[in-house]
Structures are given as C-alpha cells and as structure tokens.
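The values are calculated or read from the model by the stated rules, or taken from the named source; none is laboratory data. Just so you know, these numbers come straight off a predicted model, no measurement behind them. Virtual Cβ from ideal backbone geometry, glycine too; neighbours counted across all protein chains shown. When the accessible area is computed, the model is the full protein with side chains, heavy atoms only, and any ligands, DNA or RNA have been set aside. Shrake-Rupley method; radii C 1.70, N 1.55, O 1.52, S 1.80 Å.
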Amino acid sequence: MYKKSFLQPILFGLITILFVASCDKDFNELGTDIVGDDHFGFEVDSSGTVKIYNQKLGPIASNNLAVNPLGFYKNPAFGTTQANFVTQLELSSFSPTFNNTTPADHPNGPTVLDSVIIEIPYFRKFIDKDDDVSTYQLDSIYGETPYDKDIPTTVNSKFKLEIYQSGYYLRDLDPNEGLGAAQPFYTDEDNIINPIGAPLNNSPQADIPIEGILNADGHENNKFYFDKREHAIKGLAEDGTRAEEPTRSVPSMRLHLNKAFFDNLILHAPAGKLADNATFKNYMRGLYFKVDHGSNSGSGNMALLNFKAGKITLYYNEDKKKTVNNVVTYPRVFKNFVINLGGNSISLLQNSNENTDYLTAANSSNEASRVYLKGGEGSMAFIDLFGTVDLKGLTPNPNYTTSSPASLINPRFILDPAYDPSLPISDTNPKYLNTGPNGISDEIDKIKANDWLINEANLTFNIDDSRLGTNVDNSIFEPGRIYLYDLTNKQPIVDYSYDLTANGTYPKFNKITFGGLLANNKGFLVKQIRGTDGYVSNKGSKYKIRITNYVRNLVKNDSTNVRLGLSVTENINTFGFSKLRNPNSNVDRAPAMSVMNPLGTILYGTNIPVAQTQEYKKRLKLEIYYTKPN
C-alpha cells in the first residue's frame, strides 16, 4: 500500500497536466483539483505542532533579474511600491564605421541620424485578428486598470516616465570578496545612479508626422502608459522608399530618444570607445528608467518587463560609393545600428505609505496570527514543524538490516519486551522501548513508534481576504504561487526536487504536485483574469503545498527537521537566492524569484485562539494522511 499511495499523487499530477495544457479556456473554467481531498479512507492527523513567524526583509540584492518591475503598484494592505530600473547597454557589433569623417567620401553630406527608437516588448496574450490587425491583452500588469483610449476612466494608470543616461558604473565583481564573486546591487540603491543631464525621451507633447513622432497624448514621457495595441510601421528600404504596407509588431514600449545625444555618443564616438563591450560599458554606463506620478492623481500601473529583450535602434542615412561602368556615384542609403539592453542591471524599489498593521506584524518576533508575504523589498515567513519537546526517544536496533524490510524479526528500533503483536500499537501496548531524549522531536518519534505509513502530508495556507482587501477591492491580484523551501540550508525541499511534472504551455504551472498554486475554496486551481471593467475575477482562497517526502524522510531516514521558508514566487522553475543587505539571526537571503514579484498576500497563521472559532478553523495546519500497520 505504501508504494501505491506514493505513486497516486504523481500519476494524478501527470493526468492533470494534460488537461491544463489543453487550452487556456478549459483551464480557467474547469480548474484543476490539486488539493487531493479524496484520500480513500486513510487516517488523518492534524495534531502536529506548527508555528509560523513573519520576517521583514528590507533591501535585498536585485541585480540581473530575469524580469523587472517598472511603474507604481498600490495595495492598501501593504502600501505603495515605486519601481525604477537601471541597465547597462551592449553593442550589437564592434567598431562600426559611419561615412562622416572624410568629405571626399560623402559629397552629399555626412551621415545623418534620422531617429533613435527604444523598444521593450510587453508580456501579452493574443486575442483576435481582424483585417490584419491583431488585438492583445497585456499580461503581468498590476495596479489601476490599464489605459484604454475608449475608456476615459483608465487615465489613472498613466504616470511620468523619464529615461536618463546613467552616471554609475555597474561593475561585475565585488572587491569586498577579493573580486572572486559577483557584485551585489540592492533595491535601495537608487541614490547611487547619478543620472546625467536631461531625460533622453524628450519628444514634445505633440504630433510631428515628419519625424514619426505621435506624442500628442504624452505617452512617450509625461503621460506614459502600457499600450496594448500593436505597432504598424511603414519601414524604409535601403534606397529610401517607404513600404506600402506596414510591418506589424507586438505591443511594446516604443519611444523616441534624443537624436543629438546618440549622434554624439555613437556616430561621433572617440576612437576605441566602440571597440568592445567592456570599453563601451564604461564609456556609456547605461540607461536609468525613472517613474514619477507627475500630474496624474491616480495610482498608476506596474508591469513586469523583460528588459534584456529590449533594444535601441539608430536609423540613419549616408552616402554609399557606387561604381558602374567606371562611373562613380554616391547614392544615399538608409541603414540602422542596434544597441541591446544587456549587461548588469538593478531593480530599484521604493516602498511608501506602508500599512501599519503590515509593519507591526512583519517586524514582530512573535508567532504569527496572520502571515504577510510580499515580493520585492517585502517580507517572507519561516515555519517550525513538530515542536521542540524531546523527553523520550527510541533506541536504534544495531542489528537492523537496511536491505530488508522492517519487521518483527528486523525491527528498526529495540522492541519493548512486553509488546503484544496481536494487539494494536498503543500507549499501553508500545511496540518499541521508550528511552530518554534522543535529539528528535517527540512528535516525530511518536509517528515512528506507531509505525505509520505516510501516504501524504501537506500544509494548507488560507487567505484572509478581509485583511488583504480582495473581498472589497476587485482590482487586487493575489500572488499566483507561493514557494516553500529549506531555509536552514537555502535549498529546495525534497518534494520540490522529486516533482518532475511539467507544463510546456504554461511553465509557471510546472511542479503541480508539489503545489503552492492559488486555489479556490473547493481546491481547484485558479488563474486570475482582469476583465475589460478592470475587475479581477477567478480569485483564490488558499494555497496547498505537499511535503510528503520531507515528512517521510524525517520518519524513515532520520533526516534533519530543518526550518522552512515561505515566500511569494514569480517562477517556480528557478530557486536561486538573493542576499539581504542587513541579514539577521533568522535569514540572510531570500528567493530571487520573490524579488521579481510585486504582489503580496495575507494568510492565516498559527497563533489563533481556539475561541475564535471560524478563524481557528482556517489556521495553518499540517495534515498527515497515513495507514496503520496491519
């Protein structure tokens, strides 16, 4: 039975994946039962000691993240987060040549820079296509309802965006570590960037068709918004002719940058400055994206962006020498040069107007009645299982053979001489001889003494939607997933490593058996959706994480009962850790994936009086489903 029950959740998870991967519509409407409430008559125990504590993180290393937030996000339960960003740049090719140095080579004039465009794609979902025009819905965007030109009230999502030349060099290696480790940069280092000069995205708030600038609504700077519409650009061929049909591209941040600055930086660069990226990164130290509420009284938007997929394109024209039948001409040709957003980067976060209940709870060292998990420069939690009482123990049998199953003739522990195998194991008929303290929790020893076969073990975290505000504020997203890990050793727990379930369509739903995904009160996995009215539907009420193999190892293999960490996560497939600027006795690092995610949730903790009946029922519990020995 032990083997069969172990395979059951794995097989169930694999079957589930097939349904989840089939189509988004089915996934949203039908959900996926990841909780596993049908346990086929197994015994269940939820008496094990569980204690959970909050931990405020403070500034945390945020360099070179896979995705980075930009903008503003307000959640009344936590406060307001402002996300700026700085990144180095990398040349697409080295030592480029421009026809602007020798007058004899350009009788029609030197190289002319036509425009400079920065483009950073948005995460999006394709919706429909009509007459070659595609419509999209933006993904990973939070806060106010994203701007829609047909819905006037969505102007609250706009904010001021300024892009500056960075004056700070983001070095690769840490001199404090003897240049043997990567240099960490932290979320609170906005003040070191030292932006130079005026903003580079300085297009006037007007439409200038001859320049290709359509900024009457201010979307390129003073009234920026994340635009869900695709781009339709009629490009230029090398001979200067413009295409009849536009080239369409997915929604992205597409802004004009200052031509004079890039003309001087690239077309008239000093000798050797464009020879390689190492030199270029010191010459042009990067771009700094700074957000501000500006004149907008709304809360703004925050989006997760893959800045490393971004690029700056310089469009220019110059003379090109051409010889035909010994006749030399200099036709004007149109070219482009690309600079990529690459190298080192920092996510720069500022929290303000933080909720006093959040601060009080997150900074408390007491066992928590409510658990505050928040990404970015936020908070996490840690969990202790099975208590610390160790008054008695079991003595290992020195003759136990691990190659054979445990039995009365091959017991793991010294048998009690008075044990009667014809009767059930109980306090009056103990199977094993009880001795003094053995360095193992008495609760774990009790499971061993009773010879339980662990079929499943999980932790269930219920959301306190009244404190989070999701029961009244329909614009708030809940984190789609939380992550449980070995805090002591800063590594995944065994259940994470053993879970190989994968979802090729939605990789964020990999490791579905391990869990941590947002589910409703019936245990069905949910995917939140923002409607055209701005409201978020398909909200969840709990998270469940399986720790079956972790508990089995404590019981069968005498593994160490470590302290567990809990955080929000942006991506379950990566488990690296980021340093805290100010480590404490409980934690010195937190999952890097939590730094990327700006969302937060409030969960019921363990320090809830029994008298608070309804809240006590929702407290964090460890449930162990087991089979008694025959």
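For every residue, the table says whether it meets (1) part of a strand (DSSP E or B); (2) among the acidic types (Asp, Glu); (3) open to solvent by 40 Å² or more (accessible area, probe 1.4 Å); (4) touching a strand residue (DSSP E or B) at 6+ places or on another chain (Cβ under 9 Å).
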| residue | (1), (2), (3), (4) |
| --- | --- |
| Tyr496 | no, no, no, yes |
| Leu500 | no, no, yes, no |
| Gly504 | no, no, yes, no |
| Gly516 | yes, no, no, yes |
| Gly534 | no, no, no, yes |
| Ile545 | yes, no, no, yes |
| Val551 | no, no, no, yes |
| Gly565 | yes, no, no, yes |
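Among the conditions (1) surrounded by 14 or more Cβ atoms within 10 Å (Cβ to Cβ); (2) in contact (Cβ under 8 Å) with a residue 40 or more places away in the chain; (3) more than 24 Å from Arg563 (Cβ to Cβ), the only one that Gly436 does not satisfy is (1).
In region 290-323, the qualifying residues are those that are basic (Lys, Arg) and touching a Leu at 6+ places or on another chain (Cβ under 7 Å), and the one that is farthest from Ile141 (Cα to Cα) is Lys311. Residue count for region 402-420, restricted to those that are modelled with pLDDT of 90 or more and surrounded by 11 or more Cβ atoms within 10 Å (Cβ to Cβ): 9. Is there a residue being hydroxyl-bearing (Ser, Thr, Tyr), at pLDDT below 95 and in a loop (DSSP other than H, G, I, E, B) anywhere in region 237-244? So far as region 237-244 goes, yes, one or more of its residues are hydroxyl-bearing (Ser, Thr, Tyr), at pLDDT below 95 and in a loop (DSSP other than H, G, I, E, B). Just one of the listed residues (Tyr164, Tyr169) is within 28 Å of the chain's Cα centre (by Cα) and not in a loop (DSSP other than H, G, I, E, B), and it is Tyr164.
Restricting attention to region 167-190, report how many residues are of a type outside the set (A, V, I, L, M), under 22 Å from Leu57 (Cβ atoms) and at pLDDT below 95.
Step one: list which residues in region 167-190 are of a type outside the set (A, V, I, L, M), which gives 167-169, 171-172, 174-178, 180, 183-190.
Right, trim to under 22 Å from Leu57 (Cβ atoms) and you get 174, 176-177, 183-190.
Subsequent filtering for residues that are at pLDDT below 95 retains 174, 176-177.
Of the residues in region 167-190, 3 are of a type outside the set (A, V, I, L, M), under 22 Å from Leu57 (Cβ atoms) and at pLDDT below 95.
Of the residues Thr145, Thr154, the single one that is in a loop (DSSP other than H, G, I, E, B), hydroxyl-bearing (Ser, Thr, Tyr) and crowded, with 17+ Cβ neighbours inside 10 Å is Thr145.
Going by what's in this entry, would Lys273 be described as in contact with a Phe, Trp or Tyr (Cβ under 9 Å, 6 or more places away or on another chain), outside any helix (DSSP H, G or I) and under 26 Å from Pro199 (Cα atoms)? Steps first, please.
Details: in contact with a Phe, Trp or Tyr (Cβ under 9 Å, 6 or more places away or on another chain): yes; outside any helix (DSSP H, G or I): yes; under 26 Å from Pro199 (Cα atoms): yes.
Taking the combined requirement at face value, the residue satisfies it.
Scanning region 355-389 for residues that are among the acidic types (Asp, Glu) and surrounded by fewer than 16 Cβ atoms within 10 Å (Cβ to Cβ), which turns out nearest to Asn607 (Cα to Cα)? Step through it out loud before you land on a result.
Initially, region 355-389 is screened for residues among the acidic types (Asp, Glu), giving 357, 367, 377, 384.
From the residues that got through so far, the ones that are surrounded by fewer than 16 Cβ atoms within 10 Å (Cβ to Cβ) too are 357, 367.
Numbers: Asp357: 16, Glu367: 6 Å.
My answer is Glu367.
Exactly one residue out of Lys281, Lys290 is assigned to a helix (DSSP H, G or I) and either acidic (Asp, Glu) or open to solvent by 10 Å² or more (accessible area, probe 1.4 Å) (or both): that is Lys281.
Residue under question is Lys508, and the condition is that it be assigned to a helix (DSSP H, G or I), open to solvent by 10 Å² or more (accessible area, probe 1.4 Å) and under 30 Å from Tyr625 (Cβ atoms); does it hold? So Lys508 passes the test.
When region 315-339 is filtered for residues that are open to solvent by 80 Å² or more (accessible area, probe 1.4 Å) and either out of contact with any strand residue (DSSP E or B) (no Cβ under 7 Å at 6 or more places or on another chain) or at pLDDT below 95 (or both), the ones remaining, listed by number, are Lys320, Lys321, Lys322, Thr323, Asn325, Asn326, Val327. Surrounded by 15 or more Cβ atoms within 10 Å (Cβ to Cβ), under 20 Å from Asp499 (Cα atoms) and of a type in the set (S, T, N, Q): does that describe Asn561? Judged against the criteria, Asn561 is not a match.
Restricting region 443-454 to residues that are open to solvent by less than 50 Å² (accessible area, probe 1.4 Å) and out of contact with any strand residue (DSSP E or B) (no Cβ under 8 Å at 6 or more places or on another chain), the residue that is modelled with the highest pLDDT is Ile444.
Pairs meeting the criteria (first residue in region 547-560 and over 21 Å from Ser46 (Cβ atoms), second residue buried (at least 16 other Cβ atoms within 10 Å of the Cβ), beta carbons under 7 Å, at least 6 apart or on different chains) are Ser559/Asn553.
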